[in-house]
Every structure is written in C-alpha cells, then in structure tokens.
1. What percentage of the solvent-accessible surface of region 103-236, computed with a 1.4 Å probe over protein heavy atoms, is contributed by carbon and sulfur atoms?
2. Figure the gain on full extension for SER88 and ALA284 (residue separation times 0.36 nm, minus the Cα-Cα span) and round it to one decimal in nm.
3. Taking region 419-470, which trypsin sites (Lys or Arg not before Pro) meet the DSSP loop condition and have no more than 10 other C-beta atoms within 10 Å?
4. Viscosity 1.002 mPa s, temperature 20 °C: give me the Stokes-Einstein translational D for region 201-356 in µm²/s, with Rh taken as the Kirkwood radius over C-alpha pairs.
5. Arrange the peptides 404-412, 304-312, 496-504 so that the one whose residues have, on average, the most other Cβ atoms within 10 Å appears first.
6. Quote to one decimal, in nm, the extra length available between ASP120 and LYS331 on full extension: 0.36 nm per residue of separation minus the C-alpha distance between them.
7. In degrees from 0 to 90, rounded to the nearest 10, what is the angle of the helix 322-332 Cα long axis to the longest principal axis of the chain?
8. Ignoring the sites themselves, what is the longest stretch of the chain with no GluC sites (Glu not before Pro) in a DSSP loop and at most 11 other beta-carbon atoms within 10 Å?
Amino acid sequence: MSGDPYTFTSDSLPADLRFLPPLANGLLGWRVYDSIMHMGGVYNGERGGCHRADVPCPLAVTFETEEAGQDSYSLDAHTGVFTHTLTSPGVTVSQSFYSHRYHSNLMAMEILLVRHVTSDAAFTLKLDTSFSPQSKDIDFHTSAEYRGGSHIQGHAHTAEFPGGPRPTVHLIWTPIPSTLTLPPEQSQDRWCFILAAADSLEVAEASFGEGLELMATGGLRSSHEAAWKEMWLKSEVEVAGSERLLKAVIGCMFYILSAFPSISDASGFFGGVSPGGLSNGSEAQDYWGHVFWDQEIWIFPTVALFYPKLARAALEYRVRTIDGAKYNAEKQGYKGLKLAWQSATSGREMCPDDVYGQQEIHINGDVALGFQNYYYLTEDVTMFTDGQGSQLIWGVADYWVSRVTWRPDHRKYHLLGVMPPDEYYDNVDNSVYTNTVAKLSLQFAVELADLLKNPAPKEWQDVADNLHIPFDQQSLYHPEFDGYSKGYPVKQADTVMLSYPLNLPMSPEIRRNDLEAYETVTDPHGPAMTWGMFAIGWLELGDAEKAQRLLEKCFRNIQGPFQVWSESSDGTGAVNFLTGMGGFLQAVVFGYSGFRVQKECLAFSPLLPDGLSQLCIRGVSYLGHRLDWLFRRDDVRVILREQEGGDAGAKMCDLQVVLKASGTKIPLTPGTPVTFPRQPGCVCRHELSSFCWPF
C-alpha cells in the first residue's frame, strides 16, 4: 500500500471548490478557505426559506510568498487537520486548519515558518482573506473586544415560525494581520489564530479564554488530536486487498464522525445530521441543512454500532422536536406526532414543497426504527424514560392509527395518498416501504409499552397486524405501491430495503425477485446510497461478486483528492453527501459481515468478495461490551474486550457466540480470542435459548 490510507494528499486543489474538504466537530462546520461557515441549530427563515444561516469565517485565509515553491495539500483523517505546505529553496510554510474535536466552540489556524538557509533579510509572508464581518442571514454588529479578540454578535433575521426564537451568534477571534515576519536571526516561528463561536456571550468568552490558555500552554492542537485519537480508538473498519476501498471507508467514517459531537461532550445539545453535514446547507443548497430520514436510515446504523452515546445524541435531537411534530400532525388533521420531512430546530415542517412534507410520511417509521435499533444494541431504558423517547414512539403510533383507512372489502388497513422513498411518484396508495416501516414502529410501540408496564391501546396492535403490505402473488415480488407496473423507472433504493434494514421476512426467491425487478430500472444517476442497498441484498443471497460490482458504482460519487462525496455520480447534487457515505458504509459494515441488529441478538453471516482477504471491525458496542471482529475468507475471530464504563445501558451480562448450523455455543471471555469457521451465527446472552436469524 502506498502511504498512510488515513491521509489524503494532493499537489493541487480541486477545480470545483465545492469539493474542498469540510472540517466539522458537531457544532461548527466549515469548508476550508470558504468565507462562510455554519453552526449547528442556527437557521434563518421560515418554512420554504429556512436554511442554515451563513456565518462569516475569520479563518478564511490564504498565504502568498515572493519565492516560488512546491505546494502540497493534505487532510489527515487521524487528526482532523487540513494542511497546506509550500516548500521553496529558502523556506517551508505550513498552514493548518482544524475544527476543535474536544472544544466544539473553537476553530483554529496555525502557521509555521521554517527557514532552510541563513539570511540577513527577514522573511515576510503575505496573508489574504475573504472574510467580511457581514452576513445575509444575521444582523451582525461590532461589540467590545475581549482579551484582545475582535467580537461581533447578532440575531438571525427571521425565526422558523412567527413568534419563534431567532438564534443568536457571537464570534470572538484573534485578529489576523496582513503579513507575518520571520526575523533574520530566527530559524522558525509559529503563529496560532483561534475563533470562538457560540449562541451566548458567556459561552463565547469562556471558549475564547479556554483557547487562549491552551495556546499559552501548547495544548490547543494536542487536545484536539487527542480527542480524535479517542474517537478512532472506539471504532475501526479496515479491509485488506483494496487500497481504494480502504481509503473510501476511512473517508466516510471521518466525515460522518465529524458531523457528530465529541464523545466527551456533555452539553446535551446537538442539532442533528443533515445530508451535506454542517459545512453545507446555505440557502437553496445542500437541502438547506435540514435533517431528513437520512439521519436514522442511512447515517445512524453504523454510528450506533460503535458509538451509543453519539447515537443517543441523534435521538435526543428528535425528542426535542416533539412539539413541532405535534403541530405538524394537528395541521394535517391527525393525532399523535408527524415528524417533519425536513426538520430544523423547532420540529415544524420546513420543506419548501408541500407534497413532500404532506406525503413522505415514512419519516415517522424511519425515526422510530432508529430508536428501536438503539434499544436492541444498548438496552438503555433511560432513553425512553428520562430521555422521553417513549413519548415520541407512542406519538408516532397514534399518528399511524389516525392516518390509516380501513377497507371492509379487503379487511385491511391502508395508507392512502403517500410518497414513497422513490420520489418519482406521489399521491400513491400503500407504499410497500411506508406500510412496512409503519408496521414495525407500531409493533415496537407495543413492545415498549409492555417493557415500561404502560398499557398499549389495542388499536396499535390491531393496525400493525392488519396493515396491507403489497405483494404480487403471480410474480412473487413486492410492487413498490398499489398500481405500480413492473418495469417502471424508480429513483432510488426503495422496495429493496424491505429485507434490510427493515428485516421483513421473505424467502430467498422473493428477495432475488425484488432485486432483479428494480435493479435494471433504477436511475443510474440517482442518489449515491442506492447501490449499497443492492449490494447488501446480493450479499444476503451469497453473490458477493455481483454485490461488489454494484458497490463499485459508488466510487463515481467520490470526488478527489479529499474523498468528498457528491450526491450524483456526475458531481451534481448535495455536497459533502453523508447519506451516500452512510449507504456505502452499511454495505461494508453490515453487508460483508452480515451484522443484523435483532431483539435478542446481534446476528452475523459474513461473506467477502474476491480480492478482499479480510475485514477488520473493531469496537462494536453491544449491551455495554466492546467486540473486535476479524472476518477472513475461511474463518472468523472475535475478541470480547473488557467492559467499558460510560456506555449507555452498560450492564454486566455474559455473552456467547452461537453458530447457526450446529448450534454450538462458544462463551466469550474478555481478552481471549475465539476463532471458528466462517458461517452464520449470532452473539447473545448466555441465558437466551432462541434466536432470530437474518437469513
């Protein structure tokens, strides 16, 4: 392998500046060199115009030298640092940027000058900036300096809804001069500039002061890098046999983790994950920075497998939108909660096009599935009691009961006038995906009520048991909705998601028929996450090579040199498309391993395509334990780590591997590797005697 796969390097910047690398930390997001940045939860505008507010970035700085040299640009995914290095005969200039991984209110720029030869002359570096202390979204005005730092503050022009709060933003930063000078007697020098951004003066000043102290003690960058190291110690996904695939996986993990807060963040606030992440989402761009189903269906599963605390943060974001979801349901004339198709901070529908907000109701079931998977991985009941998750799950169930229509002639409940995930169609009846995910969320509502000893309305189970799931008995496949004609074009993965991630039971024949029916009619220029779902389907059926051919289509969405994804293969659409990364990661993490999160176990059924000799997945978090997996062509090795404190739902429980073919039970002892022939199986508690196999 050539070089460190965690470092993406180039001797030039991409021609399309949208593909410059984003730097984010769950609160602040910035595309390097851009004059604007964004803050989590800071939006401007009402529905139809609500978007991430543009915040001016004082670190939008480039440098120039009189002496020509060789440029090098690198993004280090280990440390989350982007560096531009210019090397000339007389001097090396290194300019580095990072969004602080631990102190999320801070961003930093560092410049290092190193002289190669002695000289009687000073060396002067010119700094150019595109920064202006103005914003089209926030009415900034200058405030008094704080500890030598410039300070502006302002409110967003317009709240999400009339009478709603307008976000406040404070920026304090170390002034950046137009030149930096290295005296003739010095061989090198280093400068550091910081930016503190917050929604209150108190937090902004405290963060800026903390940054100054860290600069004085030399701990600013080291504390940032230590926080990234801690993140990577919790997870590792590496493949052997394809450098291109390995770099893609690392890039996806880096950018998705960048969208989440630090695992040490105790603030309790997180604004959710939008398709383009925090660095994008200005007006009419990258889905306005709103939060969609993308968070729970595409991005959440891989994160939840390693980071229960981050998974909980995403779910807590949804809980904070309950009031808005109640408003949405009432506005539609239904009971319970209708989660917004496009959500900002209030939870009210922010979608500029009514058809999506009114009809793409599968979002309710998608979010509920995230809560269900979280509970099965952690058994963290506090998410549903102290965290009010039960209020959301039960509100979703009430919505479904009020939304369905009973057809006496069919003796089934129907969901009429909906838009499926395939957005080429609207106002259809009984989207098979929507009805299936609704059924799942109703079943989980009943299960949760029983767990919390809260009697469930009988209507929840009744609707779940009798909700119509379209199926063609003649062709033995699932039509996308009532009236769908086989062979009609589709936009993206929809029906093929019934087996995974929805775990709808079906025979291998039906699974194959679904894949074959939709693969040839799926838009080749559709969104990037689609082919990961097809790949998972073929892996379920044992066809690893076909799965790999489909997964490789995703590489057309990776825009070099910094592993930035575009929504479409031609470079158009949302950037940096975390949704596509999420689908790709699931194909690797859940596809190759066969991991399935079940109520009573974590099932596996590994299969590697030719060309890959092994898949290493370290740090899987299950019931408060950490598991390291090594999947090879002929065998599987599992190591149970010592139980780690601090994970939500962690409790003492003995785990074992159960092999499907023989029923062999292999106890797991912390620190002792267990190796067995490659075959389907599961990890579960010792006391469990029955298991759910994925396929």
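The values are calculated or read from the model by the stated rules, or taken from the named source; none is laboratory data. Worth saying up front: this structure is predicted, and the values here are computed from it rather than measured. Cβ placement follows ideal geometry from the backbone for every residue including glycine, while neighbour counts extend to all protein chains displayed. Side chains are part of the model used for accessible areas, which takes the heavy atoms of the whole protein and leaves out ligands, DNA and RNA. Shrake-Rupley method; radii C 1.70, N 1.55, O 1.52, S 1.80 Å.
1. Details: 3320 of 6390 Å².
Summing carbon and sulfur atoms, their accessible area is 52 percent of the total for region 103-236.
2. Details: separation 196, 0.36 × 196 = 70.56 nm, distance 4.20 nm.
Taking SER88 through ALA284 to full extension adds about 66.4 nm, to one decimal.
3. On the way: sites: LYS439, LYS453, LYS458; in loops: LYS453.
For trypsin sites (Lys or Arg not before Pro) across region 419-470 that sit outside H, G, I, E and B with at most 10 neighbouring Cβ atoms in 10 Å, the list reads LYS453.
4. On the way: Rh = 17.9 Å.
My calculation gives 120 µm²/s for D.
5. On the way: 404-412: 11.8, 304-312: 23.9, 496-504: 21.7.
Peptide ranking by packing, descending: 304-312, 496-504, 404-412.
6. Numbers: separation 211, 0.36 × 211 = 75.96 nm, distance 7.49 nm.
Extra length available between ASP120 and LYS331 comes to 68.5 nm.
7. 60 degrees
8. Numbers: sites that count: GLU66, GLU67, GLU185, GLU642, GLU687.
With GluC sites (Glu not before Pro) excluded where exposed in loops, the chain gives 186-641 as its longest stretch.
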